[in-house]
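The values are calculated or read from the model by the stated rules, or taken from the named source; none is laboratory data. This structure is a prediction, so every number in the text was calculated from the model and none was measured. Using ideal geometry, Cβ is built from the backbone for each residue, glycine included, and neighbour counts are taken over all protein chains shown. The area values use the complete protein model at the heavy-atom level, side chains included, leaving out ligands, DNA and RNA. Shrake-Rupley method; radii C 1.70, N 1.55, O 1.52, S 1.80 Å.
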Amino acid sequence: MKRWLILGCTFFLLGLGFITCSSKVEAIEQVTITFHTKGEDGKSPAGVEKVAFDLYDLTDWRVKEGKDEKAAKELIMNSYKTKDKVENFIITEKLSKLTPEAMLVNQTGSVEMQVDRYRNNTDAAYLVVASGETGEDHLLPFVIYLPQYLTGSKDEAEVIEAYAKYSKVPAKEEPEEPIVPGQPVGGSPSGNTPGGGSIVNTSTGRLPATGGGSVDTIGSTRKLLPQTNDKVNQYLIIGLVLVCVAGFLKQRIREEG
């Protein structure tokens, strides 16, 4: 009887160990991530009621950069705060888009996505980009590295909640007008300068200095008046010619006489 009891306990422990090992060996294939337009404080700014999210594969970039999740978040969120910069980052890094169409938020301001735990047998990483904000607050990109772990545990989380962070839309800089030789800056191409437009100096390509300096424009029809020194030189030359002619005539008269 004692022998059978020992054998029974042994098989029970072996079976329990096998079940435990099997549950640990079984890999998580998919993870559910819910992206919220609300911050961790439960508040969201105006203008994000119709936001949509696109999901991109960030795994290859993760492997190439070798950064941990915190460093990757800081780099992306600090370096690519505007939509144009995020788009350039996606194009430059050739990130694959995983959502055929942008996913609209529901009435609670959230979107739930099912993502793969691994990409190409590697711990997956994802970039989630929002669009459709109508206010001055825009969502910063989400960066998700897998695995994520349950709080105070070494067990992987299969459900993840991601909360938004925002930045103010930077003021748009006024585009600089191209400098065209002979064309007034801020004026009309005809050379007229309504509103006090300045004329471009064609020899330097820069705006002429103001404060009394005169500026020649292309196609100017004003007549240049001769300077005083030029007049004196002309009179001297004429006088010399007349003297030479008079001397020549006088010599011919003597010869004929």
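Quick notes
- For the peptides 81-89, 53-61, the ranking by packing is 53-61, 81-89, with the highest mean count of neighbouring Cβ atoms within 10 Å listed first.
- Note that region 73-158 presents 60 Å² accessible area per residue, ligands and nucleic acids not counted, probe 1.4 Å.
- Other residues within the sphere of radius under 10 Å centred on the Cβ of R119, judged by their own Cβ, net out at -2 (K and R +1, D and E -1).
- Where labels lie 7 Å past Cα in the beta-carbon direction, separation of N88 and E69 in nm: 2.9
- Here the extension length gained between K165 and I28 equals 46.5 nm, from 0.36 nm per residue of separation less the Cα-Cα distance.
- R117, R62, reordered so the largest accessible area comes first (probe 1.4 Å): R62, R117
- Accessible-area composition of region 50-159, carbon plus sulfur, in percent [1.4 Å probe]: 45
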